[in-house]
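Some notes on the structure that comes next.
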Amino acid sequence: MSVARLGAFTAPDLPSLEGIRACVHCGICLPQCPTYRVLGEEMDSPRGRIYLMRAAAEERLEPTEAFARHMDLCLGCRACESACPAGVPFGALLEATRFQLARRGLSSEPRLLTRLIFAVFPHPGRMGLLLGALRLYQRSGLQRLVRASGLLRLAPRLAAMEALLPLVPPREPLPELIPARGGRRGRLGLLTGCVQRHLYPQVNRDTARLLSLAGWDVIVPREQGCCGALDLHGGRLGAFRRRARALAAQFAGDLDYVVTSAAGCGSAMKEYGHWLPEAAEVGALARRVRDVSQVLVDADLPLGRLETSVTYHDACHLAHGQKLRNEPRALLARVPGLRLVPLADSELCCGSAGVYNLVEPEMAERLLDMKISRILATGARVVAAANPGCLLQIAKGCRARGLDIEVVHPVELVARALPA
Amino acid sequence: MSLSPAAVKELQRILGPQGLVTTPEGRLVYECDMHTLYKGMPDAVALPTRTEQVQAVVDLCRRERVPVVPRGSGTGLIGGAMAPRGGVMVSLNRMDRILDIDLANRCATVQPGLINLWLTRAVSDRGYFFAPDPSSQMVSSIGGNVATNAGGPHCLKYGITTNHVLGLEMVTGRGELVRLGGKAMDRPGYDLTGAAVGSEGTFGLVTAITVRLLHAPEAVKTVLASFATIGEASETVSDIIAAGMIPAALEMLDAVIIRAINAGIGAGYPDRAGAVLLIELDGPTAEVEVQGERCAALCRRHRALEVRVAHDEAERALLWKGRKEAAGAVGRLTSSYLLQDAVVPRSKLPQIMREMETIAARHGVLIANVFHAGDGNLHPLICYDDRKPEELARAVRANEELLHACIELGGSVTGEHGVGVDKAENLTLQYSEADLNFMYRLRRVFDPDGIMNPGKLLPSHPACAEGFRPSRPVLPTGAWI
């Protein structure tokens with residue numbers, strides 16, 4: 001039976017009442033929540049946010065801008081889900097609630113900026129054009145001029161965007177087929193990710209190289225679009241579903257797995273079934289999705305020595321979203337000579353969270369500060385993180401502080417250990 | 001009673017732009033702690049970061065005659081951190097620094113908002129720990145532990161919070177900043193630290209706490225014994241205690257809670273057992289080995305189905321994670337429950353567990369059990385659906401009957417959670433009028449205007465049950481409030 005209404009929420013895509021009611025208010029999530037750690041306020045904690053959703057569902061509260069503010073400030077990192085003994089599906093509740101708020105036009109975030117972001121980021125072609133222009137901006141000396149002028153101080157969000165951007169590398173598309181080398185194990189599809197393919201092409205290149213060495217034919221559909229993760233987290237469920245369907249068509253071939261090394265994309269794709277229960281082909285894609293660490297952890301790879309100390313930051317959508325904590329560490333630990341130094345609060349969000357650091361620069365910066373101080377305490381000069389957002393954010397933090405710390409994806413380190 | 005606009009303005013001045021919550025959304029989420037049945041929205045929530053701010057807030061509330069309700073992490077189980085009469089809630093969780101670690105004197109001074117487990121984390125690499133370990137220790141604040149005189153699994157051997165608090169800094173209900181006790185073991189004069197621990201914010205707001213740190217034991221052994229019935233497990237507990245052993249912890253879990261824990265945490269408890277005992281022994285290696293054998297033998301004598309020892313720290317940690325997060329994992333079975341905290345003499349454990357089964361059957365309620373069997377401190381979780389008032393009524397009746405049964409067996413209304421609003425009326429089952437009157441007068445010494453966490457800890461007198469009467473002068477003889 002479908003319910004048309006849940007208190008202040010209206011169908012479709014109601015937040016799950018069962019999910020909300022599973023919360024028994026124990027508070028175990030509080031110390032794991034980045035916004036609670038920073039602000040120390042109940043309404044910016046998972047327990048508080050669920051309580052607000054529940055109040056709206058029970059018609060004790062009408063959603064307002066203030067209500068939306070507490071939902072918008074959430075990073076969607078889902079650390080609370082990992083902590084929750086009652087199994088509250090916080091991520092899905094948040095996404096459904098944001099969808100409800102978006103439909104009512106309730107948002108505390110700057111509309112123009114979010115419109116711009118969503119008009120560019122999920123479109124690989126437009127993203128390429130924008131980044132091409134930005135590459136020009138960086139190389140022509142204009143960047144130095146703008147930075148010196150102090151103009152950026154007038155627009156803090158623009159400044160956040162500008163500071164986040166690393167040197168844009170030249171475009172470097174992968175071939176559509178990278179054949180297996182050595183004993184052939186099967187065929188994989190590779191999702192390259194909208195941000196990753198433009199800003200971290202070497203991560204995709206290393207991923208494909210390692211997979212091929214491990215015996216997989218790697219198929220890289222040229223026309224692959226966006227997985228829809230950004231839309232999903234922003235509560236733009238319509239756009240998310242369209243992208244999911246289109247992507248499923250791109251990866252419809254005879255593939256054993258669809259692999260990505262972008263944790264945020266992998267997490268969203270693994271959840272397709274929840275949001276599109278009727279679409280069999282989308283569900284089939286979701287079941288085949290694997291993070292690169294899952295496929296490589298026990299693969300046969302010719303690894304040489306790499307003498308280095310590395311600390312590992314858990315990308316939220318790998319640790320909390322996909323429950324993958326051991327695989328990436330085990331993969332790194334396979335490299336002879338590589339020493340893994342534990343990072344305190346490694347599962348605490350770095351503040352990147354999709355486009356969060358662009359729309360909520362202040363909170364993102366405070367979290368980045370916490371992350372950098374813990375990285376410094378490890379003494380390691382290399383930080384590994386398995387998501388492009390984290391790479392951008394942590395690298396920006398190191399750059400801004402003048403730190404000589406290298407920020408890399410785990411596959412880059414593994415690839416370095418391959419014989420030349 | 002609500003706050004005047006002038007008072008709100010003054011609070012804003014004291015606490016700064018980020019330090020005061022007055023929005024409807026903000027106030028709503030502070031309306032209850034973990035005992036969600038009791039709700040009361042504060043008029044404002046203060047989030048101080050400094051002792052002077054706490055003092056200024058209490059001063060203002062005293063002038064305005066509005067209640068002051070303390071809160072830490074909001075994980076209490078007695079409705080202590082909610083505002084039944086409105087007023088200003090003072091949430092101390094932003095005051096969470098460790099002020100001093102003094103290992104030479106085996107103590108530390110912390111701010112009240114510090115999370116319990118974080119103190120142990122800060123000293124564990126040097127071989128020390130903070131002993132009180134309420135199940136909520138990964139989130140509850142030490143200030144909250146002090147307010148409720150919290151216990152925990154390991155209190156069987158190590159004692160409860162009060163045994164580990166050496167000194168307090170407190171803003172009393174008169175707005176004075178006083179220091180009670182200190183680092184020395186014995187201080188001249190009254191033991192006011194002892195009186196203040198467990199006072200649930202009715203004396204004042206604690207702003208710094210000096211606690212004892214202990215050296216970690218040489219060896220720890222964790223034994224898991226499963227039984228077909230609660231009865232056999234209960235008898236084993238009685239025998240272990242009667243044999244003169246004091247395990248560090250001796251916990252019991254029944255089949256219902258095991259189902260929730262395994263589903264929620266995947267802690268690997270035996271899922272076919274009717275009851276499980278989690279027994280932890282610690283101390284010098286030789287002693288731990290001998291006691292481990294003796295405990296295992298006693299378990300087998302009571303027809304244990306399985307006795308196994310956690311073979312590494314990871315397995316031990318997982319068993320404890322399961323135990324400590326049990327009350328949260330019950331969310332897998334029910335959306336709401338009443339959590340009882342009554343105590344019976346340990347020798348009466350088999351008897352009360354039989355009684356509990358009868359009560360559950362009589363009222364048709366599901367009861368999950370996870371508790372500190374070693375000190376007879378029961379924690380039945382009586383499940384109900386909060387959308388069904390009739391179910392709640394049955395749960396409440398079962399809860400009351402159980403409480404009375406415990407008292408009849410020579411027990412107590414509360415073991416470690418505190419009194420709050422939940423147990424205030426029940427104190428009359430345990431204390432005489434003179435006892436309660438004395439406590440009331442003591443409370444007035446610290447808080448002459450009755451602004452500090454009103455409605456909590458002591459029962460209200462029928463003659464003045466209504467409303468808040470902060471400036472009530474002298475009580476009529478023989479009355480208690």
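The values are calculated or read from the model by the stated rules, or taken from the named source; none is laboratory data. Small disclaimer: the values here were computed from a predicted structure and weren't measured. Cβ: placed from backbone, ideal geometry, glycine included. Neighbour counts: every protein chain shown. Ligands, DNA and RNA are stripped out before the accessible areas are found, and what is left, the full protein with its side chains, is counted by its heavy atoms. Shrake-Rupley method; radii C 1.70, N 1.55, O 1.52, S 1.80 Å.
Structure data summary
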| quantity | calculated |
| --- | --- |
| Cβ pairs under 8 Å, 6+ apart, first in the stretch B:408-435 and open to solvent by less than 30 Å² (accessible area, probe 1.4 Å), second of a type in the set (Gly, Ala, Ser) and not in a loop (DSSP other than H, G, I, E, B) | B:418/B:147 |
| Hits in the stretch B:325-356 (condition: touching a residue at least 60 places away in the same chain (Cβ under 8 Å), of a type in the set (Asp, Glu) and away from every other protein chain (no Cβ under 14 Å)) | B:341 |
| The listed residue being more than 14 Å from every other protein chain (Cβ to nearest Cβ) and either surrounded by 24 or more Cβ atoms within 10 Å (Cβ to Cβ) or under 21 Å from residue B:49 (Cβ atoms) (or both), out of B:193, B:148, B:162, B:229 | B:148 |
| Residue in the stretch B:33-50 that is least open to solvent (accessible area, probe 1.4 Å), counting only those that are out of contact with any Cys (no Cβ under 7 Å at 6 or more places or on another chain) and within 7 Å of chain A (Cβ to nearest Cβ) | B:47 |
| Enumeration of residues in the stretch A:38-53 that are buried (at least 24 other Cβ atoms within 10 Å of the Cβ) and more than 9 Å from chain B (Cβ to nearest Cβ) | A:46, A:50, A:53 |
| Condition check for residue B:58: assigned to a helix (DSSP H, G or I) and of a type outside the set (S, T, N, Q) | yes |
| Total residues in the stretch B:104-128, condition away from chain A (no Cβ under 14 Å), in contact (Cβ under 8 Å) with a residue 24 or more places away in the chain, farther than 22 Å from residue B:170 by Cβ and open to solvent by 40 Å² or more (accessible area, probe 1.4 Å) | 1 |
| Single condition residue B:294 does not satisfy, out of (1) over 21 Å from residue B:318 (Cα atoms); (2) buried (at least 17 other Cβ atoms within 10 Å of the Cβ) | (2) |
| Meets criteria (charged (D, E, K, R), surrounded by fewer than 17 Cβ atoms within 10 Å (Cβ to Cβ) and not in a strand (DSSP E or B)) for residue B:308 | no |
| Unique residue being crowded, with 24+ Cβ neighbours inside 10 Å and without any contact (Cβ under 8 Å) to a residue 40 or more places away in the chain when the list is B:258, B:279 | B:258 |
